[in-house]
Every structure is written in C-alpha cells, then in structure tokens.
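Notes follow the structure.
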Amino acid sequence: MGPPGAGKGTQAQLLKEQLKVPHISSGDLFRYHLRERTGLGQQAASYIHQGLLVPDEITIGIILDKVLGVSTQEGFLLDGFPRTVDQAVALDNTLAERSRRLDWVVFINVDEAELLHRLGGRYTCRECQAPHTLSETQGGDGKCSNCGGELYQRDDDRPEAVEQRLQVYQTETFPLLDYYRQRGLLIEVPGIGSVEDVNHRVLSALGQLPVDVN
Ligand SMILES: [Zn+2]
C-alpha cells in the first residue's frame, strides 16, 4: 500500500523477482478482463462506459478469482488491492475459507509535500508523449530530451488535481491502515531515497535481509 507516486508498482516488480512470488496487480487484472471480455470484464465495462465506479463486488471478484488460482504451496503479492475496508474484509474471509491469510501489509509512506513535488512536477512531451520531471525540465532547455519537442503539464498533473487525488486517497486509505494496524500486520517503510534504498528497507522489514550490524 502507499499513496500515488510512492513507487508501489516499481517495488512490487522488484519483490516479485526477489521473493519469487506471483505479482497480482489490480490494474493489470482489470485490463486483462476488459481486453478478453470475460464475464467479469463485461460487467465492469458496463459501469465504466456509463462513467460510473466499478462496484466493490466486481473488483473483489476479479482479484479473488486470481488469488484462489494461486497454489496453496505458493505465496503471492497483492498490488493495488484492497483499497477499502470492505474489500479487505472480503479478502480476509475468502482467504480464511482456504485456511490462508495475509502475512504482512507493507505501507510505503511518503509525506504530502514530497508527493506534491513528485506528482506535481510531471511534464509530458507533446511530440513523443515521454514523461519528464520538473528537475529535468529546469536542468535542461525546457525541451524533450528524446525528441526536442515542447513539454507541457497535463491537467491530471497540475498541483490542484494532484492535491485532489491525494485527498481521495487519504479518505479511503486511512481506515484501511487502521484495520491492518489493529491486526498487527502493518509494516511502515519510509518511501524516500532511491528505489534501491526503499527496496532494501522493505526486504529487511520482511525479514528477508540480515539486520544491519550498525
Ligand atoms: Zn519527445
């Protein structure tokens, strides 16, 4: 778990290799079901086409379908799910029916000022659509380093929009953090520093690295 811009997807990709477990990404699964027009995909599409949020039951169905397909000998890594306490309860119940449970919930924490800086500093090239950061933009000539195209800020990446996304995230996530904290599952890892720094902290919190001597 972690706010948008915390680097969850990047860390999940590394952990998948390091822990040798399947990476179950809610975003990837949604795209798969929509593309293949599965039963669940068609139900989800009918809401998306009307501009409505996909109801919890469908989201839960899509994830649990995948989780239950993992052999009981294997672990798994969830990314992007659960997002609400209702989803977390549904997940716990389904796992308990199979005598399984979550081992840990890793929360990559990044403070709001840093997130605003990271997310609000995203620029896009008008020509090749490549993403650029504020520091690249300021360090260079304000043009795309790939093709020399003009850089602009998408509406989604403007500070007001970013602030709005962070508010939505906090409203839905704080109760979920409490839910896992009360169950003793929550591990909080600072999301600052390099990708390697954060990865090292996550592995060591999961007991996958020897504790640093000093
Ligand atoms: Zn470009």
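At a glance:
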{"item": "So GLY184, is it assigned to a loop (DSSP other than H, G, I, E, B) and surrounded by fewer than 11 Cβ atoms within 10 Å (Cβ to Cβ)", "result": "yes"}
{"item": "Counted residues, the range 108-156 - those being away from the ligand (no atom under 16 Å from the Cβ) and in contact with a Leu (Cβ under 7 Å, 6 or more places away or on another chain)", "result": "3"}
{"item": "Lone unmet requirement of (1) closer than 30 Å to SER204 by Cβ; (2) in contact (Cβ under 8 Å) with a residue 12 or more places away in the chain; (3) more than 19 Å from the chain's Cα centre (by Cα); (4) loosely packed, with under 14 Cβ neighbours inside 10 Å for CYS147", "result": "(1)"}
{"item": "Top-ranked residue of the range 69-92 - restricted to ones that are over 16 Å from the mean Cα position of the chain (by Cα) and surrounded by 19 or more Cβ atoms within 10 Å (Cβ to Cβ), ranked as nearest to ASP56 (Cα to Cα)", "result": "ALA90"}
{"item": "Selection status of ARG35, in a helix (DSSP H, G or I), farther than 30 Å from ASP111 by Cβ, within 17 Å of the chain's Cα centre (by Cα) and among the basic types (Lys, Arg)", "result": "no"}
{"item": "In the range 173-212, the residues that are charged (D, E, K, R) and farther than 15 Å from ALA6 by Cβ", "result": "ASP178, ARG181, ARG183, GLU196, ASP212"}
{"item": "From the options VAL195, VAL162, VAL168, residue that is in contact with an Asp or Glu (Cβ under 9 Å, 6 or more places away or on another chain) and either away from the ligand (no atom under 16 Å from the Cβ) or of a type in the set (A, V, I, L, M) (or both)", "result": "VAL162"}
{"item": "Matching residues, the range 80-113, being more than 15 Å from TYR169 (Cα to Cα) and among the charged types (D, E, K, R)", "result": "ASP86, ASP92, GLU97, ARG98, ARG100, ARG101, ASP103"}
{"item": "Residues that are surrounded by fewer than 16 Cβ atoms within 10 Å (Cβ to Cβ) and not hydroxyl-bearing (Ser, Thr, Tyr), drawn from the range 46-56", "result": "ILE48, HIS49, GLN50, GLY51, LEU52, LEU53, PRO55, ASP56"}
{"item": "Test: residue in the range 19-28 that is part of a loop (DSSP other than H, G, I, E, B), surrounded by fewer than 16 Cβ atoms within 10 Å (Cβ to Cβ), in contact with a Leu (Cβ under 6 Å, 6 or more places away or on another chain) and not charged (D, E, K, R)", "result": "yes"}
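For (1) modelled with pLDDT under 85; (2) within 18 Å of the chain's Cα centre (by Cα); (3) at positive phi, each residue gets a yes or a no:
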residue	(1), (2), (3)
THR124	no, no, no
SER135	yes, no, no
GLY142	yes, no, yes
LEU151	no, no, no
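The values are calculated or read from the model by the stated rules, or taken from the named source; none is laboratory data. Every value quoted in this text rests on a predicted model; they were computed, and no experiment measured them. Please note: Cβ atoms are built from the backbone with ideal geometry, for glycine as well, and neighbour counts cover all protein chains shown.
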